[in-house]
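Step one of this worksheet: look at the structure below.
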Amino acid sequence: MRYFIRQIFLFYLAFGFLLSQVRVGEMKSITSSLNVRSVIGSGDEIILATQGGLGVYHLNSGNYKVFTKDQGLVNTDLKTAHKGPKGFIWIGSDTGVQVWNLDEEKQLDWFQLDIEAVSGFVSYKDMVYGAVKQNGVWGIMEFIHSKGRTYYRDFYGRDDIGYIEDIIKFGDNLILLTDLGLIGGNPHQMHPIYWEKRYTEIEQPIIAMAEKNEELALVTFQAIYSIQLNKNPVPLVTNQSEFSTIRSIAVRGLLDYMAVTDSAIYRIGTDMFEKQFSDPGFHFSDIKINNSSTIIGTNLGFVQFDGSTLNHVAGNEPIVSAPQVISMTSDNQLIMASASGISLSGWINFSTSTKSDGFSTQLNLEKSPIDLGNSVSRIILGKDGNVYMGLIHSTSAGIVALDVSNGINVHQLYFPKTQSTEDEVYIVSGIALDGKENIWSTSGNNYNQPLSVFNGSLSRHFSINESGGILSKNSHVIASDNFNRIWIGSPSGLVMYKYSGDVMDPTSEIWIEESVDPGMTIRVPLDINVSAKNRLWILTPIGLIHKDLQVSNTNPVSQTGPTGTNGELFPYFPNVVFNLHSRIRFDPRGNVWVTSEFDGIHIVTENGEYWPDINGLNESNSNLLSNHVNDVTFDKDEGIAYIATDKGVSVIRIPFSEEKKSYNSVNIFPSPFRIPSSIPMTVEGLKDESSLKIMTLNGEVMRSIPNSEVQGYQAYWDGRDTSGQLVGTGVYLIAVYDKSGAATIGKVAVIRE
């Protein structure tokens, strides 16, 4: 057994430099490759199909690289992988089949073909066959190599099959593991629609299979079978309760198998079923034999096992692969969370799963002291620097306050009013902070008291009767405005609450009911948020509207918009599908970002302009990882948006950083600037309304760039002069002017090729 002495991951995510020297509109990815779905052992390489992309680990060097959309993959949420003819890697996901060239590190082909699922691949006579679900029908899909290219040939569907769990080659036949049992045949001799059931003498359902050297291993609930080519099944071992929990099996040699359940590894032979390792901290997914080594995929990287010692391999990655909430802390750390855990840039991880002593020391992981429930609903940042999270169906609390000044530490727990003392599950759908740092929440724990406020150890719970009957047991969204009033959304509309003095014992209280749209009787607020300009934005099932707020507590709304020329309400994004999971967020310039589970993310400024256009950002017009967007947060200094999707975080440079106060951070790249180039030279770190002049060292102006051509804090030059001709090789001055005429000078070397 060869141990991993050098487990040095050259991980693709260098967080601090993720978007250094990139232009407005360029997008990168933060994904986690820890959740391994399928493993391949091939000589020195371990190839992993993961939830965050295609991973390749080199045993000798310990080098690890993950390929994502940044490197050319169409989809990163991978389910299976196979090394096929020419050494190309065949990758299956729920959106299609990708073919990857490992040597050149690029994608060769992409086949969507209305594919809904892929469960496996096999090679047969320089052809590749995939077990594929297409348009609701399972079958096998055939591909062929010809003249250096890969072509799709046909799909052979089987309407009688409910699902195909796996596909292998056994002799000259392909064997499908289906809900009907094993079905097989030779694709060159018989059309797959005529393939018949195989090994019908095995009457129990088959839950796993593997093949090597013309020996087939099968797992049922009652026995593990060996089938040698052209021979009948032989049970190696029978009647073990653990058979039903086996997730994957591999053939080591003749009558010699290895298998994994969720947290245990077994050696299998004639009348032998021996547990060799067990640890609830691991969740095993796949097992393969690579030469004499056993390679196992887990939910936190992969392991190599020698029969007694398990060596875990994982890099410093976020365990949160699909953030439900995301935020930027006061010291510009990214924090993201889901029901599975919390990740803080660095990466520091809290996991709700059991922590094993055998985990790689490179994976910075601690067991979470609290239950995060089945969803983290909201995240907000307090002025005290603490991070507050609302929890859904948590047994620990309704809100958790985290101190992230030195790692992740639970600062305090908050509990909404429960229906009875026997209730042990908390449901907080909305949280907000008012101007006095009181923490507000809407909760489904008590139908009569859906609203709570907390301050330190003090709490108060508001009943529907206290509100005059205008609060609802289904109130779920909440926000605070700049007049320290609380706004709550409910199926009947909006509720405003204003208190004076101490909220725990106020001197006066006002409750006001406000319709979402005066022209319609029913319009449910899916989310609400108040901008810095005291505009209450309201997301409804038919679009985004706003209300301008005023100081009057009895008449808090001055007007509702946006309106058309006829004065009628005309919502933004009326054709986008929004729901209760959609969120309203504001970037550093007050622009409104609205998430969608189906259509990406949409952006509008307070004056009604769309960015980058009315379509927003989605998979078809950008490198967004997924159209299922859960949340978004911003680095206000750098002008970066972190978009949390169900497949990871897409990171995009936007032209909406906080206004630069000086030119101290001006950066010119690339330098030297080689022309001609399809990618322009960029000058970033500009103040608002800056303009530029490109000059020779003698002061001759070659090109002027007015402020109308500057994108936020970035300006671009294509290497051409005023007449459109490329300038010559040399050193050029970049003069940057603010709106008052004050200037700063930089230099760039230009090489004309």
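Readers should treat all values here as calculations from the given coordinates under stated rules, not as data from a laboratory. The structure displayed is predicted, hence computed values, not measured ones. Cβ: placed from backbone, ideal geometry, glycine included. Neighbour counts: every protein chain shown.
Tabulated results
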item: Packing-based ranking, highest mean first, of 460-468, 147-155 given that Cβ atoms within 10 Å are counted; result: 460-468, 147-155
item: Spacing of the two label points (7 Å from each Cα toward its C-beta) at Glu201 and Asp306, in nm; result: 4.1 nm
item: Too-long pairs where the Cα-Cα distance tops 24 Å, listed order kept, from Lys79/Lys275; Lys288/Lys647; Lys133/Lys647; Lys197/Lys275; Lys106/Lys636; Lys212/Lys647; result: Lys79/Lys275; Lys288/Lys647; Lys197/Lys275; Lys106/Lys636; Lys212/Lys647
item: Debye log10 I(q)/I(0) at q = 0.13, 0.17 Å⁻¹ for the range 267-413, Cα point scatterers; result: -0.64, -0.92
item: Calculated from backbone phi, Karplus (6.51, -1.76, 1.60) coupling profile of the range 439-454 in Hz, x at Gly/Pro; result: 9, 10, 8, 9, 9, x, 7, 9, 4, 8, 10, x, 10, 9, 9, 10
item: Projected area, mean over directions - the range 204-315, Cα convex hull, nm²; result: 6.7 nm²
item: Contact order relative to length of the chain, as percent, for alpha carbon pairs under 8 angstrom and 6 or more apart; result: 7 percent
item: The range 114-216: proportion of alpha-carbon pairs further apart than 18 angstrom, %; result: 45 percent
item: Aspartates and glutamates whose Cα lies under 17 Å from that of Lys65, excluding same-chain neighbours fewer than 8 positions away; result: Asp44, Glu45, Asp77, Asp103, Glu104, Glu105, Glu317
item: ³J(HN,Hα), Karplus 6.51/-1.76/1.60, whole Hz, each residue of the range 211-226, x for Gly, Pro; result: 9, 6, 6, 6, 10, 10, 9, 10, 10, 10, 5, 10, 7, 10, 10, 10
item: Electrostatic dipole magnitude of the chain [Cβ: Lys, Arg +1; Asp, Glu -1; Cα centre; debye, to 20]; result: 1340 debye
item: Estimated inter-spin distance, Asp718 and Asp357, nm [label 7 Å along Cα→Cβ]; result: 6.5 nm
item: Among 46-52, 185-191, the order from most to least packed when residues are scored by Cβ within 10 Å on average; result: 46-52, 185-191
item: Quotient of Cα Rg and 2.2 N^0.38 Å for the range 667-752, N being how many residues it contains; result: 0.99
item: Asp103-Tyr447 FRET efficiency (beta carbon distance; Förster radius 51 Å; 0.05 resolution); result: 0.25
item: For the range 49-65, Karplus couplings with θ = phi - 60° (6.51, -1.76, 1.60), whole Hz, Gly/Pro x; result: 8, 10, 5, x, x, 9, x, 10, 10, 9, 4, 5, 8, x, 6, 9, 9
item: Cα-Cα separations in the range 294-375 greater than 20 Å, expressed as whole percent; result: 36 percent
item: Relative contact order of the range 204-315, defined on C-alpha pairs under 8 angstrom at six or more residues apart (%); result: 16 percent
item: Computed lengthening from Asn186 to His393, 0.36 nm per intervening residue step minus Cα-Cα distance; result: 69.4 nm
item: Order by protection proxy (mean Cβ within 10 Å, highest first), peptides 244-251, 643-650; result: 643-650, 244-251
item: Descending Cα extents along the principal axes, the chain, whole Å; result: 86, 80, 52
